[in-house]
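The values are calculated or read from the model by the stated rules, or taken from the named source; none is laboratory data. Everything quoted here is computed from the prediction, not taken from an experiment. Neighbour counts are summed over all protein chains in view; Cβ atoms, including those assigned to glycine, are modelled from backbone coordinates with ideal geometry.
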Amino acid sequence: MNKNVFLIASVAVAMLVSLLAFADSVELEFSYTGEPVSTEDLLQGTDKTDGWLMYGGNYNNWRYSPLDGINKENVNKLTPVWMFQTGLTGQLSGSPIVADGVMYISAPYNNLWALDARTGEVIWHFEHDMPSDVILCCGPANRGVAIKDDLLFMATLDAKLLAIQRSNGEVAWTAKLEDYKKGYSGTSSPLIVGDMVVTGIAGGEYGARGFVDAYDTDTGKMLWRRYTVPSEGEKGVETWAGDSWKTGGGPTWAIGTYDPQSNTLYWPVGNPSPDWNGDVREGDNLYTNSVLALEPETGEMKWYFQFTPHDMWDYDATNGLVIDDIVVDGKTVRALMQPNRNGYVYVLDATTGAYIKAFQYTDRLTWSTGLDGDGRPQVNPEAIPKAGAAGDPVCPGLSGGHNGSWSYSYSKSSQLMYVPSVESCMGVFKEDMVYIQGIPFWGGGPSTPETDDGSSYGILAAIDPVAGEVKWKYRSEYPFVGGALATAGGVVFSGDQEGYAFALDDATGDELWKFQTGSSIRSQPITWQIDGTQYVAIGSGMGGLVPGLSGAPEKGTNGNTLLVFAVPETKTKWFWQ
């Protein structure tokens, strides 16, 4: 890797003309003010419209903005304002942070840039030095940083947590999460709760025992750790045969959700290990494929709900969790909702964890024949992995459905979830495997995926969690592997593997705008407003495990670019419109 990479895009003529349209409102000189980001700022979430302060936009994890300057009537005029190229390959899958007119964008291999949010001008660049023998399951991704006061927080591929000065990109403190040689790594954005920075860990494919950690934001001191797989003598260990819990997995590689109203931290948990051979770990394998409701101050568990007991299909439950008050049987309920990788949308009581409802959102679902009254799946015996050759295709495949490596959005305006998903089935088989530290502990695997015959595709589904139905679907030739953003302007932003960033009507799914970015969309779009101008940022850059397993364009190109768009204050019609 080339150190100190400061590559900015060579802007095309169209981009230069576009910038001229903003000449009156864009200040090319930048002054860093460095106002600390307070707890009160974070509690405002996207209601503080001059920035984007956390991965999910707000603590409810909606990825929804009340901004409506870009709307159904004018989104077709959306024009590139600036773009930034990282000079790297690998998936550009992060969700940028914007605060005080500065954008902080992370990129593969734990690179981080501070950019002028108006112009894209580089303020500083940081790259974490890593050992050459880092073990990676699914690509060198980093899905974003967290921000609090004057610090940024980033999890690293060699299983560290860094606090970085906002002003200059220098490291303030470093905490070791675990030994990366065991298969541990950090890939997702941490979450700030009060004066704590909370983070999960990846490593489930290596039999690494998952956990959620909390650290003091000022000092980096560990405050607590919650393991996701119980040990000997702890409640839940009886759901693991013998000592299989020791290599039981349960990764926590996605970001959690915090509810200030109840002071509850919710964290989604991934697959048990080995992935496909459940014979060596008989039982429900708590607390894998679950959501844990935790006390933020101590990490103690309030309750849990397990979506896929004794998982044998790699259905990590690490997809985002959203919270809202909804009406159930005429009563308002504080609900926790998730479109799970297993093909079902779940609605739970956020206070007690009680199961309210679940329903299918994928086009195809064959591993289960339904759910009982408590939400427990009724497993289709034909879908259970068998020794030797893989059986008939199982739906969803191991990528989902929706997948926690990208986001979805929940609109407070429409009260719909907008979920970019994979439609790709695959057969699975099991095999005996001996655990060796740092070696993939799969116990089997998938058959030839549908990508080889072109039958996989993508669906962006508008889901009504109250009615329990899908309102509309927007179909793509290839599975979706990037996130979504909803706004009060009635627009849903996302992107596809053919490189198009696009905007949809949130009520109908009609396509309102699209723009070719040059590479697959794997990022999480955001929006903010400065000096009366609303901006939308979408990252472009293919890579990672999911596209290769589930289906991707043959002519896809590599390279990371962040593009920022706005509606110009002009009646000029651009040549590409």
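Assorted remarks:
- So Trp513, is it of a type in the set (Phe, Trp, Tyr), in contact (Cβ under 8 Å) with a residue 60 or more places away in the chain and either surrounded by fewer than 24 Cβ atoms within 10 Å (Cβ to Cβ) or touching a Cys at 6+ places or on another chain (Cβ under 9 Å) (or both): yes
- Checking Tyr258 against (1) crowded, with 24+ Cβ neighbours inside 10 Å; (2) among the hydroxyl-bearing types (Ser, Thr, Tyr); (3) assigned to a loop (DSSP other than H, G, I, E, B), the condition it does not meet: (3)
- In the stretch 170-186, residue farthest from the chain's Cα centre (by Cα) [restricted to those that are among the small types (Gly, Ala, Ser) and more than 15 Å from Asp218 (Cα to Cα)]: Gly183
- The set of residues in the stretch 547-559 that are over 16 Å from Thr89 (Cα atoms) and either in contact (Cβ under 8 Å) with a residue 24 or more places away in the chain or assigned to a helix (DSSP H, G or I) (or both) comprises Leu549, Ser550, Gly551, Ala552, Pro553.
- The listed residues are Gly483, Gly489, and the only one of them that is closer than 23 Å to Asp68 by Cβ, over 18 Å from the mean Cα position of the chain (by Cα) and not aliphatic (A, V, I, L, M) turns out to be Gly489.
- Residues satisfying the stated conditions in the stretch 369-426, i.e. among the β-branched types (Val, Ile, Thr) and assigned to a loop (DSSP other than H, G, I, E, B): Ile384
- Screening Ala21 against (1) hydrophobic (A, V, I, L, M, F, W, C); (2) at pLDDT 95 or above; (3) over 25 Å from Val419 (Cα atoms) leaves a single unmet condition, (2).
- One residue stands out in the stretch 174-192 among those that are crowded, with 23+ Cβ neighbours inside 10 Å and of a type in the set (Val, Ile, Thr): the one that is farthest from Thr257 (Cα to Cα), namely Thr187.
- Meets criteria (surrounded by fewer than 18 Cβ atoms within 10 Å (Cβ to Cβ) and out of contact with any Gly (no Cβ under 8 Å at 6 or more places or on another chain)) for Glu232: yes
- Options Gln534, Gln497, Gln524; residue that is in a loop (DSSP other than H, G, I, E, B) and either more than 19 Å from the chain's Cα centre (by Cα) or within 23 Å of Ser65 (Cα to Cα) (or both): Gln524
- Every residue from the stretch 152-200 that is of a type in the set (Ser, Thr, Tyr) and assigned to a strand (DSSP E or B): Thr174, Ser185, Thr199
- Total residues in the stretch 435-484 satisfying the condition of being surrounded by fewer than 21 Cβ atoms within 10 Å (Cβ to Cβ) and closer than 30 Å to Thr332 by Cα: the figure is 9.
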